[in-house]
Amino acid sequence: MKKIICFTLLLSFSLLNAQGNSQLKVTESAVFKDEISVDMSVLAMHTTSSGKTGLLRANKNDFLVDVFDKQLTKIFSKVVESNKKESFDGYVSYGDEIKYITVLSPSKRERIVYCNTFNIENKTHSKKELFKADVEKGGLFTGRNKRGTNVAISPNGKYIAIATDNIKKNLNSYKVHVFDSETLRLVFEKSYQEDADNYFEPNDLFIDNNATVYPLGKLFFSGKSQKKEGNANYEFVLNKLSKDTYESLKISLEKELLISSLAINYYENKLNLVGFYSNERAGNIKGGCNFEINTATFSVISTKNSVLPKDVYDDLYGDAKAERNDKKKKELRSFYVDYIIRDDNGNTFLLAEEFFITQTYVATGMNGGGYWTDNYHYDDILILKFDKTGAINWGRSIFKRANSPSYNAFLKDDKLHVLLNSGKNLTEKQDGRTKVSKGWFESSALYDFTYSVNGEVEYNKIQDNKGNNFYVPFFGTFNNNIFIMMSDGVRKKQFMILE
């Protein structure tokens, strides 16, 4: 029986020979130590123009800020005391600073919002109260998606916008505060989408160089269900708020077109609202959509929908099944947008990861008892490249299995790099798919999936992890044309630099 199993495995998998070395220059920093126990999660990381890197992390009670020099040697560290009732709610970075927002909940209904300024060059940290708010239902930032869209900074770094929910017992209402990023002086605050009946679900937030704010989201016709009588029970609304004006623009959807969420991308004084669409249910993906907005006239210039390219199905399902799924235009499920990347030619890259939760019953053996445990799945990755007209130029996917957030992406020299950890050797199945996963007894390796301008992929190994540091791409950052990520050591850590 064992011989049959081994023979079957040999037939099903063959070693993928197209693995090369990374095209990027790879270096590692000196080892550094944390003086206190700190969460692995990197809340923020930013590199200044002089090459210094600031790092923000947290443990259960406090925040930890560090500064590293050009060689990523630690030169400063500070523990910032916090309150157990204080939470991290987003950040922005620009120039020499990381500004992160925290919210204190001293009582059930009272909220105090702070801006913490971490100056990397000066190695200073300060904290200022921005505003107070009363909440009746939920919190200040309910309904946000996992991308953290409650805070934004203008492209020139002069203004910061914070969008909050202001839902009362008999009124749905939403508010934006705009601050001068240097002085943190309030420029203006304004409510929008006030309605007793209709619920607004925020999707994204953008603020331009003139302090004009664009909150984007779904406005539901009745209740909060996605569909009603087979059609969308909502319309997308782009709001435009300045100190003296307020406008809203309805984004008309075709009949039977369902969109889970849209994200804002800004280019040449135009806003592009990009996302995925479905004909079956919101959250499914049949293709990509793009709404181009002229900010001056505040009107929709063009609307474009493009079905998923066949390459997406080939990467996920293999030859025969991909042919059938492409013919049927089978819809993908449970994908959430992680990265929106724009190049200098007006092209937009949209990357999303499949995420879902299953439950497993664990028997304890005590009088037949047991308990249910949640299993988190971070699986396949979808990659779409939109050209400057909003049409899909190419699409690919990565057939992947993981139980935690596992990848990162950046654009360098017109090539898209997707970094992730997998088994030591990628394997190609007989149906043509390349599966990214790690076997039970297999060691792991760090890979750089490099996509050309036309979507052709190279599988480049950066390192075998056995005997080396295990680096976590998900918590990395791309600044000044350099990608930096940290190892997962408990007290001793290193950085890997890709350039």
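Does TYR339 meet the test of being under 19 Å from LYS435 (Cβ atoms), in contact (Cβ under 8 Å) with a residue 24 or more places away in the chain, out of contact with any His (no Cβ under 8 Å at 6 or more places or on another chain) and part of a strand (DSSP E or B)?
Working: under 19 Å from LYS435 (Cβ atoms): no; in contact (Cβ under 8 Å) with a residue 24 or more places away in the chain: yes; out of contact with any His (no Cβ under 8 Å at 6 or more places or on another chain): yes; part of a strand (DSSP E or B): yes.
No: the conditions fail for TYR339.
Please state which one of GLU235, GLU268 is out of contact with any helix residue (DSSP H, G or I) (no Cβ under 9 Å at 6 or more places or on another chain) and at positive phi.
GLU268
I need the full set of residues from region 203-228 which are part of a loop (DSSP other than H, G, I, E, B) and either within 13 Å of LEU249 (Cα to Cα) or of a type outside the set (Lys, Arg) (or both), in order please. Working first, answer last.
Taking region 203-228 as the starting set, the residues that turn out to be part of a loop (DSSP other than H, G, I, E, B) are 208-212, 221-226.
Residues satisfying the conditions are ASP208, ASN209, ASN210, ALA211, THR212, PHE221, SER222, GLY223, SER225, GLN226.
I'd like to check something: does region 198-208 contain any residue that is buried (at least 19 other Cβ atoms within 10 Å of the Cβ) and on the phi > 0 side of the Ramachandran plot?
No, region 198-208 contains no residue that is buried (at least 19 other Cβ atoms within 10 Å of the Cβ) and on the phi > 0 side of the Ramachandran plot.
Select from region 253-309 the residues that are open to solvent by less than 50 Å² (accessible area, probe 1.4 Å), under 17 Å from ILE341 (Cβ atoms) and aromatic (Phe, Trp, Tyr) and list them in ascending order.
If the condition is that a residue be open to solvent by less than 50 Å² (accessible area, probe 1.4 Å), under 17 Å from ILE341 (Cβ atoms) and aromatic (Phe, Trp, Tyr), then PHE276 is the only one that fits.
Within the set of pairs 6 or more residues apart or between chains, which connect a residue that is closer than 14 Å to ASN172 by Cα and open to solvent by 20 Å² or more (accessible area, probe 1.4 Å) inside region 217-234 to a residue that is among the aromatic types (Phe, Trp, Tyr) and assigned to a loop (DSSP other than H, G, I, E, B) with Cβ atoms less than 8 Å apart?
LEU219/TYR199; GLY223/TYR199; LYS224/TYR199
Check ASN481, ASN460 and return the single one that is open to solvent by 10 Å² or more (accessible area, probe 1.4 Å) and not β-branched (Val, Ile, Thr).
Numbers: ASN460 fails: open to solvent by 10 Å² or more (accessible area, probe 1.4 Å).
Answer to the selection: ASN481.
For region 342-365, what are the residues that are of a type outside the set (Asp, Glu), in a loop (DSSP other than H, G, I, E, B) and more than 22 Å from LYS310 (Cα to Cα)?
ASN345, GLY346, THR364, GLY365
For residues in region 400-457 being exposed (fewer than 14 other Cβ atoms within 10 Å of the Cβ), modelled with pLDDT of 90 or more and of a type in the set (D, E, K, R), which is nearest to MET496 (Cα to Cα)?
ASP413
Within region 314-329, track down each residue that is surrounded by 16 or more Cβ atoms within 10 Å (Cβ to Cβ), outside any loop (DSSP other than H, G, I, E, B), touching a residue at least 40 places away in the same chain (Cβ under 8 Å) and not aliphatic (A, V, I, L, M).
ASP314, ASP315, TYR317, listed by residue number.
Looking only at region 76-87, decide whether some residue is at pLDDT 90 or above and basic (Lys, Arg).
Yes, some residue in region 76-87 is at pLDDT 90 or above and basic (Lys, Arg).
If we scan region 29-37, do we find a residue that is open to solvent by 40 Å² or more (accessible area, probe 1.4 Å) and at pLDDT 90 or above?
Checked region 29-37: at least one residue is open to solvent by 40 Å² or more (accessible area, probe 1.4 Å) and at pLDDT 90 or above.
Can you pull out the residues in region 55-104 that are of a type in the set (Gly, Ala, Ser) and in contact (Cβ under 8 Å) with a residue 24 or more places away in the chain?
Within region 55-104, ALA58, SER77, SER82, GLY90, SER93, GLY95 meet the criteria.
Kindly indicate the residue of region 366-388 that is open to solvent by less than 50 Å² (accessible area, probe 1.4 Å) and not in a strand (DSSP E or B) and also modelled with the lowest pLDDT among those meeting that condition. First the steps, then the outcome.
As a first pass, look at region 366-388 and keep what is open to solvent by less than 50 Å² (accessible area, probe 1.4 Å): 369-370, 373, 375, 377-387.
From the residues that got through so far, the ones that are not in a strand (DSSP E or B) too are 369, 387.
Values: GLY369: 80, ASP387: 89.
That would be GLY369.
The values are calculated or read from the model by the stated rules, or taken from the named source; none is laboratory data. Predicted, not measured: the structure shown is a model, and the values here were computed from it. Here Cβ is always computed from backbone atoms with ideal geometry, including for glycine, and neighbour counts include all displayed protein chains. In case anyone asks, the SASA skips ligands and DNA or RNA and just uses the protein heavy atoms, side chains included. Shrake-Rupley method; radii C 1.70, N 1.55, O 1.52, S 1.80 Å.
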